[in-house]
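Please read the structure below before turning to the comments.
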Amino acid sequence: MSMAQQAAPAVATPPEPGGDRPADGRTRQRPLVVRLLARPEVGVFLGAAAVFVFFLIAAPSLRQGGSMATVLYQASTIGIMALPVALLMIGGEFDLSAGVAVITSALTAAMLSYQLTLNVWTGVILALVVSVGVGAFNGWVLVKTGLPSFLVTLGTFMILQGVNLAVTKMVTGNVATDDISTMDGFEQARALFASSFDVGGVQVKITVVWWLVFAALATWVLLRTKYGNWIFAVGGNKESARAVGVPVTFTKITLFMLVGFGAWFVGMHQLFSFNTVQSGEGVGQELLYIAAAVIGGCLLTGGHGSAIGPVFGAFMFGMVQQGIVYAGWNPDWFKAFLGVMLLGAVLINLWVQRTATRR
């Protein structure tokens, strides 16, 4: 073979796009619909749209701006906590103590401020330390013992539930904290955590804004940072992640600390909305946070999910919760609707995964 013949392939004219060249099955691009279905938030977006349209028809009063503001508020109180819970689930773990941890943070801020006659902001900061510390404790026990997060956080759930009741009764002589609305710093803290603002004559809670800000931040972290890659890696296979240099221990512990931060923020909202806190509340709320994340496309097995999906999941919760009321139905049906949505989301996610991975 001559040198000219050897060089010929290097300058040969490439085949025209769309020509008859046989495609390699390993590199063939999947159809757009299949690629969209592979996104974990697509299914819940369609479900949220369907629920939205359904209740707009079934409950005409929902079409009013004030009613929709109430729906968004209900969704935000669940959605703020659902975001760190979703990140934790993508990382392969979940937290059963998230609901009572919200009340723990609120009780800590209220009692420290009132009983020690401190500025409210002192109680708020100390409550943040306690909440993040509880999350760090959960993560540390998990990584040091290798126990399932179900057992670790179930234990923390029971501890916090008992401490909330016992300490509140011991300190205040009641099951609720004292009213802190007249204390120094209250109005400034309320403006940050529990204020409202006017939009076209409709009062919108500040939590709606914080919810969307946190969702955007969580999405950026997951998709644009090294830490986001670590979350997916430890959730998919922590041993493989550790083998390639991912700091598994750091990632797991900080994910639990993020849940603690979310519990602190929601706890501060509750405290400054009602000026006092009932020590027995919060039980069962953790299931709503987990359900919103699951409906949003996060898998209990980890390694799959998004931050946008739980936003739509929480919106569905708010829409159903308020839609039932505005439609004049028995509110006891809320949990039944919740169960149907959760089971439906799991089945849709399963179908989406099989469709997306089908060759």
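Would you mind stating whether Ile180 is of a type outside the set (S, T, N, Q), surrounded by 16 or more Cβ atoms within 10 Å (Cβ to Cβ) and modelled with pLDDT under 95?
Judged against the criteria, Ile180 is a match.
Taking Val152, is it open to solvent by 30 Å² or more (accessible area, probe 1.4 Å) and assigned to a helix (DSSP H, G or I)?
no
Restricting attention to region 28-55, which residues are open to solvent by 30 Å² or more (accessible area, probe 1.4 Å), modelled with pLDDT of 75 or more and over 23 Å from Leu223 (Cα atoms)?
Residues satisfying the conditions are Ala49, Ala50, Phe52, Val53, Phe54.
Given the criteria open to solvent by 50 Å² or more (accessible area, probe 1.4 Å), of a type outside the set (D, E, K, R) and farther than 30 Å from Tyr114 by Cα, does Gly200 qualify?
yes
Here are some residues: Gln74, Gln161, Gln115. Which one is open to solvent by less than 50 Å² (accessible area, probe 1.4 Å), closer than 29 Å to Thr276 by Cα and either touching a helix residue (DSSP H, G or I) at 6+ places or on another chain (Cβ under 8 Å) or basic (Lys, Arg) (or both)?
That would be Gln74, the only listed residue that is open to solvent by less than 50 Å² (accessible area, probe 1.4 Å), closer than 29 Å to Thr276 by Cα and either touching a helix residue (DSSP H, G or I) at 6+ places or on another chain (Cβ under 8 Å) or basic (Lys, Arg) (or both).
Could you check Val259 against (1) modelled with pLDDT under 90; (2) surrounded by 24 or more Cβ atoms within 10 Å (Cβ to Cβ); (3) under 27 Å from Val42 (Cα atoms) and say which number it fails?
(1)
Name the residue that is nearest to Phe54 (Cα to Cα), counting only residues in region 338-356 that are at pLDDT below 70 and not hydrophobic (A, V, I, L, M, F, W, C).
Once the filter is applied, the top-ranked residue is Asn349.
Can you name the condition, by its number, that Gly280 falls short on among (1) in contact with a helix residue (DSSP H, G or I) (Cβ under 7 Å, 6 or more places away or on another chain); (2) open to solvent by 20 Å² or more (accessible area, probe 1.4 Å); (3) closer than 26 Å to Leu222 by Cβ; (4) of a type outside the set (Val, Ile, Thr)?
(3)
Would you mind telling me which numbered condition in (1) aliphatic (A, V, I, L, M); (2) loosely packed, with under 15 Cβ neighbours inside 10 Å; (3) free of Cβ contacts under 8 Å to residues at least 60 places away in the same chain Val246 fails?
With respect to (1) aliphatic (A, V, I, L, M); (2) loosely packed, with under 15 Cβ neighbours inside 10 Å; (3) free of Cβ contacts under 8 Å to residues at least 60 places away in the same chain, Val246 is out only on (2).
Identify, from the list Gly162, Gly135, Gly123, the residue that is touching an Asp or Glu at 6+ places or on another chain (Cβ under 9 Å) and either farther than 24 Å from Ile253 by Cα or not β-branched (Val, Ile, Thr) (or both).
Testing whether each residue is touching an Asp or Glu at 6+ places or on another chain (Cβ under 9 Å) and either farther than 24 Å from Ile253 by Cα or not β-branched (Val, Ile, Thr) (or both) leaves just Gly135.
Which of the residues that make up region 306-348 are part of a helix (DSSP H, G or I) and among the polar types (S, T, N, Q)?
Matches in region 306-348: Gln321, Gln322.
Of all residues in region 245-256, which are modelled with pLDDT under 95 and under 16 Å from Gly133 (Cβ atoms)?
Passing the criteria: none in range.
Which residue out of Thr207, Thr249 is part of a helix (DSSP H, G or I) and farther than 30 Å from Thr122 by Cβ?
Thr249
Between a residue in region 181-202 that is over 17 Å from Ala106 (Cβ atoms) and any residue that is among the small types (Gly, Ala, Ser), which pairs come within a Cβ distance under 6 Å, given they are 6 or more apart or on different chains?
Val202/Gly65; Val202/Gly66; Val202/Ala69
The values are calculated or read from the model by the stated rules, or taken from the named source; none is laboratory data. What you see is a predicted model; the values in this text were computed from it and never measured. Positions of Cβ are backbone-derived with ideal geometry, glycine not excepted, and every protein chain shown enters the neighbour counts. Side chains included, ligands, DNA and RNA excluded: accessible areas come from the protein's heavy atoms. Shrake-Rupley method; radii C 1.70, N 1.55, O 1.52, S 1.80 Å.
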